[in-house]
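Take a look at the structure set out below.
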Amino acid sequence: MKVLPRSAFGQTVLLIGFLLFVNQVVSYISFALYVIEPNQQQINQLLAKQIRVVFIDIKDARISPKMAEAFHRETGIGVYREAEALKLGLGLAGYYPYRSEQMSELLGGFAEVRISQGDEYLFWIRPPQAPNLWVKIPLLGLEEANFSPLVIFLGILGVLSVAGGWLFVRQINRPLKSLQHAAEDVGRGDFPEPLIEYGTSEIMAVTQAFNHMSKGIKQLEDDRNLLMAGISHDLRTPLTRIRLASEMMSAEDEFLKDGIEKDIDDMNNIIDQFIDYIRHDSKDKAVLGDLNVLVEEVVSVEIPANRNMHIITKECPKIPLRHVAVKRALANLIQNALRYTEGDIDISTGVDKRKGYAYFIVSDQGDGIPEADIERLFQPFTQGDKARGTEGSGLGLAIIKRIVDTHGGNVELSNKPEGGLQAKVSLPLKF
């Protein structure tokens with residue numbers, strides 16, 4: 001499972017976020033080293049000087065009650081034995097090892113520092129000069145919460161920076177998104193209007209090249225359609241004359257007349273298949289339609305009275321369909337099944353919500369196809385024994401695949417275990 005984003009947009013936003021995170025960490029560490037740490041050292045030095053003042057003229061770690069009371073009245077600093085200090089809040093104070101280590105260095109012996117924060121910000125210090133006493137020193141204007149706005153400020157700055165980077169990258173990638181959709185349309189045979197050239201110079205160059213490519217492909221498509229229309233027109237004219245000539249043949253040549261007319265019909269069908277393959281209903285726009293209704297429309301026309309067909313339909317949501325094109329694809333599959341088997345034909349529909357597809361299946365009871373030949377059947381002009389017969393131009397399955405591809409779907413052929421061939425056409429629920 002890949003955690004990192006694959007798109008350039010996601011990777012760029014992730015990179016911006018990572019760089020900002022590193023910047024915030026470095027900024028916080030720098031602030032701690034060059035602002036907070038010097039400030040703490042100054043406070044510790046001030047506290048150490050006050051401790052020295054308290055014990056400047058005390059021997060045997062004893063201080064008179066009157067002196068202690070006067071000192072507390074004048075400076076706010078109190079000196080207490082541990083039992084009395086516990087009553088005054090020493091037990092609620094937190095132990096600070098780092099400050100204790102620094103204070104020990106400043107006072108020249110082991111010192112313990114505890115800090116409590118209530119109505120006052122109190123330092124409790126056990127000095128090396130009097131290990132059995134605690135000195136309470138209040139500091140006004142110093143609160144531990146004063147440092148939290150820095151973290152909040154850095155966090156807000158980081159969020160705003162990432163959001164700004166996200167908007168910036170999104171704006172840059174917007175032309176690429178339009179380019180992606182336009183390329184998908186061209187792949188389906190739709191040629192959109194030229195894209196507006198905007199964005200960075202590199203993206204504008206790519207958009208300009210795409211517009212030029214799309215215009216060239218459309219011109220080739222138009223030229224090919226015109227060429228095919230001209231060829232079909234030129235071929236149908238002599239075929240019509242041949243048909244008229246065959247009608248004038250004598251009764252003795254009736255067998256020749258039937259053969260000629262059959263050949264003419266086959267040639268007309270081949271020409272129609274060429275035109276269908278070239279055209280593939282590119283003018284037919286996709287609209288929401290009911291797949292079950294479409295199947296019923298095709299079956300009512302394509303199934304002869306002397307053949308049996310079993311239809312199993314499941315409830316399907318309306319999906320984007322090029323109605324005429326999908327009807328042609330289904331009709332071609334049914335005609336193939338009718339041509340290559342004498343048994344019953346099964347048609348079913350359904351929905352695979354997990355994959356996001358609706359589908360229809362046409363299956364017969366024929367001999368099937370060798371597994372090695374299935375993939376090549378979708379190639380144009382594939383025919384012969386490997387394609388279950390020699391009739392036609394070999395464009396039937398190629399036309400079906402091209403129609404399905406324009407919908408963004410897929411078509412699969414497979415041999416049934418019990419015998420026969422199954423064709424499954426899957427169409428996306430959303431275009």
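Only the coordinates and a few stated rules stand behind these numbers; no lab work does. The shown structure was predicted, so the numbers you read here are calculated from the model rather than taken from an experiment. All Cβ positions, even for glycine, are placed from backbone atoms using ideal geometry, and neighbour counts span all protein chains on display.
Assorted remarks:
- For residue 411, net neighbour charge (Lys/Arg +1, Asp/Glu -1) across residues whose Cβ lies under 9 Å away: 0
- Spin-label model distance (nm) - residue 92 vs residue 202, 7 Å beyond Cα toward Cβ: 6.2 nm
- With a cut-off of 12 Å between beta carbons, the residues surrounding residue 95 carry a summed charge of +1, where Lys and Arg count +1 and Asp and Glu -1.
- Computing FRET efficiency as 1/(1 + (r/R0)^6) for residue 314 and residue 240, where r is the C-beta to C-beta distance and R0 is 56 Å, gives about 0.75.
- Net charge of the neighbourhood of residue 250, taken over other residues with C-beta under 14 Å away and scored Lys/Arg +1, Asp/Glu -1, is -4.
- Gap separating the Cα centres of segment 10-47 and segment 170-232, nearest whole Å: 50 Å
- Measuring r between the beta carbons of residue 268 and residue 415 and using R0 = 30 Å, the FRET efficiency lands at 0.35.
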